[in-house]
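The values are calculated or read from the model by the stated rules, or taken from the named source; none is laboratory data. The structure presented is a predicted model; accordingly, all values stated were derived computationally and were not measured. Here the Cβ positions follow ideal geometry from the backbone for every residue, glycine too, while neighbour counts run over all protein chains shown.
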Amino acid sequence: MTVFFTHPEFFKHEMGPHHPESAERLWAIQDHLTRKGLLALLDTREAEPASDASIQRVHSAQHLENLSALAPSDRPYRAIDADTAMNSHTLRAAYLACGAAIEAVDLVLTGQARNAFCAVRPPGHHAEREQAMGFCFINNIAAAAAHALEIHGLNRVAIIDFDVHHGNGTETIFANDDRVLMVSTFERSIYPYSGEAPLGRNMLNIPLDAYTNGAPMRDAVQRQWIPALQKFKPELILISAGFDAHREDDMSHLLWSDQDYVWLSQQIVSLAQATCKGRIVSSLEGGYAVHALARSVGHHLDALLCA
């Protein structure tokens, strides 16, 4: 069984007119999954909000206090940085997005689900311990990893991040924590302008050159990711699933195709079956060309459903 997490509150979070990280992304995903008959195959559930205690495994109490203080009550939006803003629904949506990833971990590790996909907003992988940034407020995947380690007692959790932007927040939170292996690909020299020099021995960062297709990614996965993950022997695989390396997405300069996401998702599923009983929790990060995003998520879910 593949669980699909969503919540109506995800559609209410907005960061201003014409912002690329919009509710249209989730509408496109749900419409595509419905038309393709995939939604009927999923166990669809509404997320519950994460607790402060679960979030504070990866963020400080001060960070949550700051977010609460910034939540606007007197204006439509409040800017966090040049790209990131909150409206009156943002904070609850962020708690729910984090809660979805944590609940998905509970379901997968207790055998109630084979795997899970969290169709959430806002995304999370840029959020650092003390800083919201890059459309992100709470680091959903980092909190899910910490929950698996601290509550379920796992010893080894792998995080796979294939968003086109480096998952700087996740890296800063887990750098040199030997319980976590993070492997990632991202486009070189774009936001957040980090990742080329790994911060810890447990970080396998692979920057890719602009205007390259999926071939360098496939080579990196086969020659570097898979051997490292096989050696690590994860008990759970978490995915920061960004689909903005697609050739139709103008947030980057990589030229991946639908078939690259098919191949990558199948590789991760096969790896999970060989190393951790197929246990995967995947959470949406980027992807802003909504039709390409919807198709790519559909391919990703096809692989999870066939696991």
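Rundown of residues vs (1) of a type outside the set (A, V, I, L, M); (2) assigned to a helix (DSSP H, G or I), yes/no style:
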residue: Ala145; (1), (2): no, yes
residue: His152; (1), (2): yes, no
residue: Asn155; (1), (2): yes, no
residue: Asp163; (1), (2): yes, no
residue: His166; (1), (2): yes, no
residue: Thr172; (1), (2): yes, yes
residue: Leu181; (1), (2): no, no
residue: Thr185; (1), (2): yes, no
residue: Tyr193; (1), (2): yes, no
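Consider the stretch 253-287 and keep the residues that are of a type in the set (Ser, Thr, Tyr), touching a Phe, Trp or Tyr at 6+ places or on another chain (Cβ under 9 Å) and outside any helix (DSSP H, G or I). The one that is nearest to Asn140 (Cα to Cα) is Ser283. Check Gly153, Gly214, Gly167 and return the single one that is crowded, with 24+ Cβ neighbours inside 10 Å and among the small types (Gly, Ala, Ser). The match here is Gly167.
Taken together, the residues in the stretch 238-252 that are touching a Gly at 6+ places or on another chain (Cβ under 9 Å), in contact (Cβ under 8 Å) with a residue 60 or more places away in the chain and not in a loop (DSSP other than H, G, I, E, B) amount to 2.
For every residue, the table says whether it meets (1) farther than 23 Å from Pro227 by Cβ; (2) surrounded by 17 or more Cβ atoms within 10 Å (Cβ to Cβ).
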site	(1), (2)
His246	yes, yes
Asp250	yes, no
Leu271	no, yes
Ile280	no, yes
Ser296	yes, yes
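Of all the residues in the stretch 91-123, those that are within 12 Å of the chain's Cα centre (by Cα) and within 19 Å of Asn155 (Cα to Cα) number 1. Only one entry in Phe4, Phe11 is within 18 Å of Asn115 (Cα to Cα), of a type in the set (Phe, Trp, Tyr) and either modelled with pLDDT under 95 or surrounded by 18 or more Cβ atoms within 10 Å (Cβ to Cβ) (or both), namely Phe4. Quick check: anything in the stretch 51-69 of a type in the set (Gly, Ala, Ser), at pLDDT below 95 and surrounded by 18 or more Cβ atoms within 10 Å (Cβ to Cβ)? No: the stretch 51-69 contains no residue that is of a type in the set (Gly, Ala, Ser), at pLDDT below 95 and surrounded by 18 or more Cβ atoms within 10 Å (Cβ to Cβ). Among the residues of the stretch 160-167, some residue qualifies, meaning at least one is touching a helix residue (DSSP H, G or I) at 6+ places or on another chain (Cβ under 7 Å), more than 14 Å from Val58 (Cα to Cα) and among the aromatic types (Phe, Trp, Tyr).
Once the stretch 288-307 is narrowed to residues that are part of a helix (DSSP H, G or I) and touching a Gly at 6+ places or on another chain (Cβ under 8 Å), the residue that is nearest to Gly99 (Cα to Cα) is Val297. Counting only helices (runs of 4 or more DSSP H) wholly contained in the stretch 1-116, the ones carrying 3 or more residues that are out of contact with any Leu (no Cβ under 8 Å at 6 or more places or on another chain) occupy 24-35, 61-70, 90-109.
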